[in-house]
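Please treat every number below as a calculation from the coordinates, not as lab data. Nothing here was measured: the structure is a model prediction, and the numbers come from that model. In this analysis, Cβ positions are derived from the backbone assuming ideal geometry, glycine residues included, and neighbour counts consider all displayed protein chains.
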Amino acid sequence: MDKTTDSQNHKARSMTDNTKKHYDNGILCYLMDNYQEAIAEYTRAIELTPDYADAYFRRGTVHLKIGNDKEGTADLVKANSLRKNRNTE
């Protein structure tokens, strides 16, 4: 394996780890009723991995819980779309 490929693999693993960290932090914030921070953590996960359907789903449910119906619905629609695309690949 050349250095470029090794570096790319390390970057991909690191991005996945960071994405998971923010996703997990979002869950913890939600459980502590810190909804705005949960939304921020899910958003960070989505920024790192834009096709992360579960992060869209969880962010959408938090939005709905605090009355942000438009944002919540948009996130749930996006999550559903990403899951459908994943299942057809």
### Query
Of all residues in the stretch 19-51, which are surrounded by 19 or more Cβ atoms within 10 Å (Cβ to Cβ) and closer than 15 Å to V77 by Cβ?
I46
### Task
Residue by residue through the stretch 40-71, note down the ones that are closer than 19 Å to L82 by Cα and aliphatic (A, V, I, L, M).
A45, I46, L48, A53, A55, V62
